[in-house]
Structures are given as structure tokens and as C-alpha cells.
1. Any idea what % of Cα-Cα pairs in the stretch 60-208 are farther than 18 Å?
2. If I model a spin label as a point 7 Å beyond the Cα along the Cα-Cβ vector, how far apart are those points for residue 85 and residue 52 in nm?
3. Would you calculate the volume per residue, in Å³, of the smallest convex hull containing every Cα atom of the stretch 132-207?
4. Using a basic spin-label model with each label point 7 Å from the Cα along Cα→Cβ, how many nm lie between residue 163 and residue 181?
5. log₁₀ I(q)/I(0) of the stretch 159-201 at q = 0.29 Å⁻¹, via Debye over equal Cα point scatterers, no solvent, to two decimals?
6. When ranked by the protection proxy of mean other Cβ atoms within 10 Å per residue, highest first, what sequence do the peptides 174-184, 72-82, 49-59 form?
7. If you stretched the chain out fully between residue 10 and residue 136, how much longer would it get, using 0.36 nm times the residue separation minus the C-alpha to C-alpha distance?
8. Give the average over all directions of the projected area of the C-alpha convex hull of the stretch 9-59, one decimal, in nm².
């Protein structure tokens, strides 16, 4: 927008039903990843802005995610996703188009998990998750992947803030999604107008209050995203 550059990207075919749409910046442009739900095998498609074309790749079975608000987390050249229970992490290599597993032991008693990649070079991978039983989260914790070998717990959400968050999403974690924005891990609920965020350097949790221009009663969902302008970026 600031560079006054735009492009209309044609879809591979019509109709094109897609999920897990993720945009990744690259040194020479960007790539767009998505899974097409038209096929039973969930074919993966990647758009490369350098060659202005789509490539088709094998999908992943079973279904990756029950949460369609969450994007993939870019880490070490791959997009990382979590599977439904039993929770695990799978990776799609944007260079080769191949799927693989992140062979790291997951924490116990997880009720939900979300991934988010940190810092501008995407060399850190964080995981936010609920801890509890029978689908009820008693606490929320944040882990960082250390050397690609283990999840190390780095922070816990204070009890009062945890109670508020799980109450506003009614323990329906399909509505929960995360993203990175300028040193902060933002945790959102599709049905709630506030954002819970964690400042990584200060190691502190905060609430971003509701926009004052929103009406008290709002029946639509909320979709938040990070916008960091790049003055010289081209479409």
C-alpha cells in the first residue's frame, strides 16, 4: 500500500476452497501457502511472487487443524502446524514442498496448542498451550523450542488473566489463534474484542482493551493481524 504497488493473484482454478492461508516474506518477495479442501487428500498450493505462479504439492492426512483462524508458523525454512490430539507438530518445507515431523516430545496434559514464530528472521518458534484435563484448561503456558530438540517452558499466564481468557472463549479453543507483532506474542479469540499479548523482552502479560468505537453488542467475529509497513516492498 505504501509502495503503491499491487497485484491481482489468480487462483489455481475455480471454485477454490482453501484453509490455513499463510503469507511468508522472503528476501526476494513472498510466498503464499494454502490447503485446498476440494480434494479428499487436501492438496497444498504455494504461490511464489518471483515467478508469479502456483505449484501443487501433496497434502497432509489427517486434517491438520480444527482451527481455521490460525496460520502456519514459519521456522527454519518450513511452515509448522499442529495436529489435533494426540498433539504433534508437522512441517511443510517451502523449498522442497515436502512434509515432515518435528520429532520433539510435547508437554503433558495439553488441552490446546498454538504455534507462533518470533523475531524478524523467524529463527525462534514458540508454542502457547492450555494445561488441564477433559478439555478444560486450568492454566496457560508458553514454551520456546530450544535447538530444535525440546520445548522449554518460559512463562505462565497469571491465574486471573487465565480465568478471564478461558471464560471469554468458553473453553472453545477452536476460536483461539496467535500471531507475532514487533516483539509481542498476541493471543486472540475470534469471539472477543480484546487481545491478550505477551512482551517477550519484558516477560510480561497485558490486555489490549476493546476499541472504543465498537458497539457494546457485536455479533460479528474479530480477526486481528500484524501490519508492519515496508516502504520498498513490491507486490
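1. Working: 6027 of 11026 pairs.
Everything past 18 Å amounts to 55 percent.
2. My value for the distance between the label points is 4.9 nm.
3. Values: hull volume 8.4 nm³, N = 76.
Considering the Cα atoms of the stretch 132-207, their hull volume per residue is 110 Å³.
4. For the pair residue 163/residue 181, the computed spacing is 2.7 nm.
5. Log10 of I(q)/I(0), two decimals: -1.06.
6. Values: 174-184: 18.4, 72-82: 21.9, 49-59: 13.7.
Going from most to least packed, we get 72-82, 174-184, 49-59.
7. Numbers: separation 126, 0.36 × 126 = 45.36 nm, distance 4.25 nm.
Here the segment from residue 10 to residue 136 would lengthen by 41.1 nm.
8. Numbers: hull surface 13.5 nm².
Average of the hull's projected areas for the stretch 9-59 equals 3.4 nm².
Every number here is computed from the coordinates shown, using simple stated rules; none is lab data. These figures come from a predicted structure and were not determined experimentally. Cβ: placed from backbone, ideal geometry, glycine included. Neighbour counts: every protein chain shown.
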